[in-house]
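A short write-up of the structure that comes next.
The values are calculated or read from the model by the stated rules, or taken from the named source; none is laboratory data. Treat the numbers as computed from the prediction; the structure is a model and nothing was measured. Please note: Cβ atoms are built from the backbone with ideal geometry, for glycine as well, and neighbour counts cover all protein chains shown.
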Amino acid sequence: MMAPRSPTLEGFRAILWRPSLGLAEVAWRWSFGAAGAALVTFAFFEYLDTLPVTRGDLILLRTRHPALISQAIQHIFKGSGFRLVGAIIVLAVASAIAWIVIAALGRAATIKALLGYFREYEPLPSSDESVSSSGQCEPERWHLRSLLGLNFMRVSMTLAATVGCFAALLAGGAVTSDTEPSPGSAFLVTVCVVMLVWLAWSVVNWFLSVASVFVVAEGRDALGAMTAAVDLCRSRPGAIFAAGTWFGLAHIVAFIVATTVVAFPMGLATVLPAGVTLGGVLLVTLLYFAVADFLYVGRLAAYVAILKLPQPVVATKHAVRQQPVLDTRSSSVDPDELILGDLPAPG
């Protein structure tokens, strides 16, 4: 009998033995991030081009007097708030739609690669192939519709969490007033509401991310995958908790190491050139994001291992002993012979 494998160790082993899995995650995430950053940059410069600057504003800006400069800036940005809000809304909607599509494609490719990695442990045919009526294996679809539905729910939850954070600011402002200022109570209410909103968003977002495994591996729809994710947490809570804990600790260690390394170029900012300092900080930040993406793929691999690897057989404390059954048809027993139960009772 093969010894049971730890899903957490399998997750770490997957990102170490198959670094291409983590590199693929880094590729699609960073490609989307770079495209989003370029889009925001272009939109910012286009917004600046719409701002009217008169000769009087240029004169006030060249005086280098703080009061005159602020007056010129107020005049330049006056009446441009509607355009700024419209640009932010357009960028947010376009980025959300692009992320829903790109994340669905990237997640389907990553999970299919993980299923191929664990295929040797599956007694049944791989989940990315189906048997046709002629008996031949045919590749299944990527179930992008269900993945798009899950990503749409993640975007909706993020939007709801953002609205909840703004509501926390309003709730904090409601407990204080000009006549009876109470900044401590306002801060406490705001922090508590934001923490509750963040906790609810984290839990739902985690279930939606785990549900994508069931969409690709078992072909479930969005709601069925959510139900399967909940059932997995109920049936294997120890393995789920162990994987989340160890990969979370690894993420914390990576964050601590990154912040410690960043402190060196920041401490030498007065000695080193500004370009060198900024480049060092940017390099360490990118390395930290890469490690975080690798750890995310490893945790996803652990969840796939929990789903696909055989569960360990747990031995009970008191084993049930099978008693031999007496066969009355055996030739060693004479049916005519008196037994103890046939004797008359004494007295």
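Of all residues in region 206-229, those satisfying the criterion of being in a helix (DSSP H, G or I) and within 16 Å of L105 (Cα to Cα) are L208, S209, V210, A211, S212, V213, F214, V215, V216, A217, A222.
Please verify whether region 95-115 includes one or more residues that are free of Cβ contacts under 8 Å to residues at least 60 places away in the same chain and over 21 Å from the mean Cα position of the chain (by Cα). Looking through region 95-115, none of the residues is free of Cβ contacts under 8 Å to residues at least 60 places away in the same chain and over 21 Å from the mean Cα position of the chain (by Cα). For region 1-42, which positions are surrounded by 15 or more Cβ atoms within 10 Å (Cβ to Cβ) and of a type in the set (G, A, S)? Within region 1-42, S6, G11, A14, G22, A24, G36 meet the criteria.
To keep it simple, each residue is scored yes or no on (1) within 30 Å of V93 (Cα to Cα); (2) assigned to a helix (DSSP H, G or I); (3) free of Cβ contacts under 8 Å to residues at least 40 places away in the same chain; (4) touching a helix residue (DSSP H, G or I) at 6+ places or on another chain (Cβ under 7 Å).
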{"site": "A43", "(1), (2), (3), (4)": "yes, yes, no, yes"}
{"site": "L51", "(1), (2), (3), (4)": "yes, no, yes, yes"}
{"site": "G56", "(1), (2), (3), (4)": "no, yes, yes, no"}
{"site": "I59", "(1), (2), (3), (4)": "no, yes, yes, no"}
{"site": "R64", "(1), (2), (3), (4)": "no, no, yes, no"}
{"site": "A67", "(1), (2), (3), (4)": "no, yes, yes, no"}
{"site": "A72", "(1), (2), (3), (4)": "no, yes, yes, yes"}
{"site": "F82", "(1), (2), (3), (4)": "yes, yes, yes, no"}
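In this entry, R220 is excluded by the filter for residues that are farther than 23 Å from W30 by Cβ, surrounded by fewer than 18 Cβ atoms within 10 Å (Cβ to Cβ), in contact (Cβ under 8 Å) with a residue 12 or more places away in the chain and touching a helix residue (DSSP H, G or I) at 6+ places or on another chain (Cβ under 9 Å). Among the residues of this structure, F255 counts as one that is surrounded by 13 or more Cβ atoms within 10 Å (Cβ to Cβ), under 30 Å from L9 (Cβ atoms) and modelled with pLDDT of 90 or more. Only one of the listed residues (A250, A243) is surrounded by fewer than 19 Cβ atoms within 10 Å (Cβ to Cβ), touching a residue at least 40 places away in the same chain (Cβ under 8 Å) and in a helix (DSSP H, G or I). That residue is A250.
Has region 181-195 got any residue that is over 30 Å from L300 (Cα atoms), out of contact with any His (no Cβ under 9 Å at 6 or more places or on another chain), exposed (fewer than 15 other Cβ atoms within 10 Å of the Cβ) and polar (S, T, N, Q)? Looking for residues that are over 30 Å from L300 (Cα atoms), out of contact with any His (no Cβ under 9 Å at 6 or more places or on another chain), exposed (fewer than 15 other Cβ atoms within 10 Å of the Cβ) and polar (S, T, N, Q), one finds at least one in region 181-195, hence yes.
A quick yes/no check of all residues on (1) of a type in the set (G, A, S); (2) more than 30 Å from L287 (Cα to Cα):
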{"site": "R29", "(1), (2)": "no, no"}
{"site": "P52", "(1), (2)": "no, yes"}
{"site": "T63", "(1), (2)": "no, yes"}
{"site": "I69", "(1), (2)": "no, yes"}
{"site": "A72", "(1), (2)": "yes, yes"}
{"site": "G81", "(1), (2)": "yes, yes"}
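Taking the criterion of being closer than 17 Å to I15 by Cβ, surrounded by fewer than 16 Cβ atoms within 10 Å (Cβ to Cβ) and of a type in the set (V, I, T), no residue of region 258-293 qualifies.
Regarding A200, is this residue in a helix (DSSP H, G or I) and at pLDDT 90 or above?
Numbers: in a helix (DSSP H, G or I): yes; at pLDDT 90 or above: yes.
Yes.
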